[in-house]
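The values are calculated or read from the model by the stated rules, or taken from the named source; none is laboratory data. Just so we're clear, the structure is a prediction, and the values are computed from it rather than from any experiment. Using ideal geometry, Cβ is built from the backbone for each residue, glycine included, and neighbour counts are taken over all protein chains shown. Calculation scope for accessible area: heavy atoms of the full protein, side chains included, ligands and nucleic acids excluded. Shrake-Rupley method; radii C 1.70, N 1.55, O 1.52, S 1.80 Å.
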Amino acid sequence: MASREPAGYPGSRGLAAADHLSPKLRTSRSDGMGETLHLPGFSRRVSAWSGSLEDLEGPTSPGHFGKRAASAPRRLSERFDEWSSGSERSGARGHSDPETRSMGAFSVRSSRDHGREPALLRGIFEIAKRSCDVRLTSSQLLWSPIQPDTPGSSKVFHKEEFVDLRDIFSVKVKRRRLVGQKTGGTLLGITIFLCVRKGQKLKEDSLHLHNLSEDYCDLWFRQLKEILNGFPNRPKSLKIIINPQSHKGEAVNVYRKHVEPLFKLADIQTDVTVTKYAGHALALLKECELQEYDGVVCVGGDGSASEVAHGLLLRAQMDAGKNTNSNFTPVRAPLPLGIISAGTTNILAYSLHGIRHPVTAALHIIMGNIQPVDVCTFSSNNKLLRFGFSSMFGFGGKTLSLAEKHRWMPPNQRRDFAVIKTLANLKPDNCKLSFLPVRSHQLTLCDDSKEQNRNEDRCGSKDQWQRTEGQLLNVSVMAIPCLCPMAPRGLAPNTRLNDGTMALIVVRNTSRQEFVRHLKRYATEKNQFSFPFVETYLVEEVKLCPRTIYNVAYDKHNNDVPTHSSEDNHPWNIDGDLLEATSEVHVRLHPELINLYGSNIEELDDCKNKCSCL
C-alpha cells in the first residue's frame, strides 16, 4: 500500500484541527439513543446527529431526520470484546485472505493491495483518536491506522479493519451544538451505525469517522447513503399495529423504548395504531391503503401476530377477488410482516428469531431480512375460519379456553392455573381423524434421526387419505417449529418454517400420569414423542371431526320427548387465539404464503432455554 497521502484530499486539514477544537467526550454519559448530555467541562455544548449537512447553512428541510443529541460512544478499542463480527450475520463474505480475522464488531486482516476491490472513495479520517487511511468500496468500508501521524515522519500502514456495507443500517452527520441549539453547529464528522450479531441476538454498534471538512464529509455521506438505499427489502415506510393488552400491558412501552428509536435512526417512516378492541387490527387491515407501506409490524403476543397475519392474507384474497366461502387456492400476502414480541409465550417470534428480544426483531426488520413461511387455512363446511401457523385441539384448546375465562389474572398465573385445572379434569374427546400424508414418507419426531423415515407401504399414494378414530387427548397440527420458553426444542422440533409440510401429533387416551410425563418432556432434552400413545406424521392436509356425546334428558312438560344437552362448540387453539368450531375442521397447508421479517433457525438443539413450569 502506498505510504503517501493521496493528492488533493480536502479532508487532511480536519485532522490537525480536531485535536484542539474537539471536546473530550470520553467521560460523557447517555442512553445511546439521543438524550441531551451535560458534559463535564462542556456544559454548554452537546453532540448531535442529523441526516444531512444542509442545516449547517439554513433551517431543516422537510423529511429530514429529527435532531437528537447523543454522546460519542466508547472508544472502539474498548468495545472490541463486546461485539461479534458483523460478517457473521449473513455468513461468509467470500474473503480469500488467510490473514482475515475477527475483532469485535469489525474484522481485521493484513493490509495488502492484491485482489482488492477498486475504491469508490479514499481519504483520511480520525477513528478512535488515530489518523486512519479509509477506503470505501462497493461492498466494504476499510481503514488502517497511520503511525506516527506527526508532520515530517514516515507513515507506516498496519493491519486494516473493515465492515461489510450490508451490515450498515444508517449513516448520520455528527456535529457539536450549544445546549438548546436545534440547527447548525460545528461539524465533527460522520457516524455509521452497524447491525452485529452476538449469538442469536442482533445488536446496534457504531463507528465514528471524524473530520471537520464539510465538503469532504458531504461527499462520503452522500456516497454511503446511495449505497444503503440500493439494498433490497429494506423498508422506508411501515404500518405499526400495537396491542396494548398483550402480556402485562407492556407492548406500548416495548415499542417506544426499544423499537421506535431504531426505526427513527434508520429513517423509516411509521404510522402507529394502538388497537382498542378485539378484532381492531383485522378491521384496520381490511380498509387500510396498504400500497403506502413497505411492510406491517405487529407489537404483541401470538394472538396479536396471528390476527395481523390473518388480516394481511384475508386482504390479499379480497383484492384478488377470491371467494373464501369455497375450497379456494389463496394468494400470497402483499406485504412482509414483522413481529415484535410483547406477549406471554411468543411462539412465532421465537421460531423466527430463536429468542424473545425486541431489538433483534427490530433490526431484522430494518435490515430487510425476509423469511418465507408456510401458512395453514382452517375451514369448516368449505367456509374459511382462519389463516394460521399452528393449532391444538383437545387439551391445548381446552387450556386456552379456560385461560380466556380468567383474563383478570396475571398472565403467568392464568396460564399455570388453566394447565393445572385442565389436567385435573383431563378427559379425552371421541374424534374421527383423517389426514393426507406427504408423498411416500411418514414423520417420526425423534432425537435419534433428523431425517424423516420413509414408509411407502403405509402411506400409499399422494391421493390416499388415512383415517383413524377413537379417544384422543390432544391433536396438534403445526407448520412451524413452535419454539417457546416452555419448549426450547419446539413443539414440533423437526418442522421448518418453509419445508412445505405440517407436523401432525396425535396423543391418544392414556393415564393422567403418563400424559404429564409426555408434557414434561417438552422442557427437556429427551424425546417427548417416545410414548406408545403418541403418534406423529408428516402431512399436507388434516380433517378432524369431534363426535359429540349427548346427555339424554326428557322435557319436563312431555316425558316422551328427549332433549340433548351438550357443548356444541369445540375449542381450538390457533396461534394462541381461541376458535370454537361446531363441526369438522379442515386444515390445509399452503407453502410460503407470507413473508416474515426474520431468519430460519436451522439448528433447534442450540436453544438453551429451560423451563420447570410442569
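Annotations
- For region 197-246, filtering for residues that are in contact with an Asp or Glu (Cβ under 7 Å, 6 or more places away or on another chain) and open to solvent by 20 Å² or more (accessible area, probe 1.4 Å) leaves 4.
- Candidate set: region 299-354, residues that are of a type in the set (V, I, T) and over 14 Å from the mean Cα position of the chain (by Cα); chosen: the one least open to solvent (accessible area, probe 1.4 Å): V308
- Hey, V359 open to solvent by less than 10 Å² (accessible area, probe 1.4 Å) and either touching a residue at least 60 places away in the same chain (Cβ under 8 Å) or out of contact with any Lys or Arg (no Cβ under 6 Å at 6 or more places or on another chain) (or both) or not: no
- Given (1) more than 23 Å from A503 (Cα to Cα); (2) in a loop (DSSP other than H, G, I, E, B); (3) modelled with pLDDT of 90 or more, number of the condition A361 does not satisfy: (2)
- Selection of region 401-416 for residues being closer than 16 Å to Q245 by Cβ and touching a residue at least 12 places away in the same chain (Cβ under 8 Å) yields A403, E404, H406, P410, P411, N412, R415.
- Within region 378-402, tally of residues that are modelled with pLDDT under 90 and either crowded, with 22+ Cβ neighbours inside 10 Å or in contact with a helix residue (DSSP H, G or I) (Cβ under 9 Å, 6 or more places away or on another chain) (or both): 0
- Residues that are within 18 Å of F393 (Cβ to Cβ) and part of a strand (DSSP E or B) within region 494-539 comprise M502, A503, L504, I505, V506, V507, R508, V534, E535, T536, Y537, V539, listed in sequence order.
- Selection status of V272, assigned to a helix (DSSP H, G or I) and either β-branched (V, I, T) or touching a Gly at 6+ places or on another chain (Cβ under 6 Å) (or both): no
- Screening R439 against (1) open to solvent by less than 20 Å² (accessible area, probe 1.4 Å); (2) under 30 Å from N323 (Cα atoms) leaves a single unmet condition, (1).
- Taken over region 494-529, residues that are open to solvent by 10 Å² or more (accessible area, probe 1.4 Å) and of a type outside the set (S, T, N, Q) amount to 16.
- Restricting attention to region 403-433, the residues that are open to solvent by 10 Å² or more (accessible area, probe 1.4 Å), out of contact with any helix residue (DSSP H, G or I) (no Cβ under 7 Å at 6 or more places or on another chain) and under 23 Å from T468 (Cβ atoms) total 5.
- Residues in region 530-541 that are under 29 Å from the mean Cα position of the chain (by Cα) and of a type in the set (A, V, I, L, M, F, W, C): L538, V539.
Residues checked against (1) touching a strand residue (DSSP E or B) at 6+ places or on another chain (Cβ under 9 Å); (2) closer than 19 Å to N595 by Cβ:
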residue: I240; (1), (2): yes, yes
residue: N243; (1), (2): yes, no
residue: S246; (1), (2): yes, no
residue: G249; (1), (2): no, no
residue: R256; (1), (2): no, no
residue: L262; (1), (2): yes, no
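- All positions within region 176-208 that are part of a loop (DSSP other than H, G, I, E, B) and polar (S, T, N, Q): Q181, T183, Q200
- Within region 247-276, considering residues that are under 17 Å from P358 (Cα atoms), of a type in the set (D, E, K, R) and open to solvent by 90 Å² or more (accessible area, probe 1.4 Å), the one farthest from the chain's Cα centre (by Cα): K248
- Pairs with Cβ under 7 Å, 6+ apart, first in region 215-233 and touching a residue at least 40 places away in the same chain (Cβ under 8 Å), second open to solvent by 90 Å² or more (accessible area, probe 1.4 Å): F231/R166
- Residue match in region 125-135 (condition: part of a loop (DSSP other than H, G, I, E, B), buried (at least 16 other Cβ atoms within 10 Å of the Cβ), at pLDDT 70 or above and not β-branched (V, I, T)): yes
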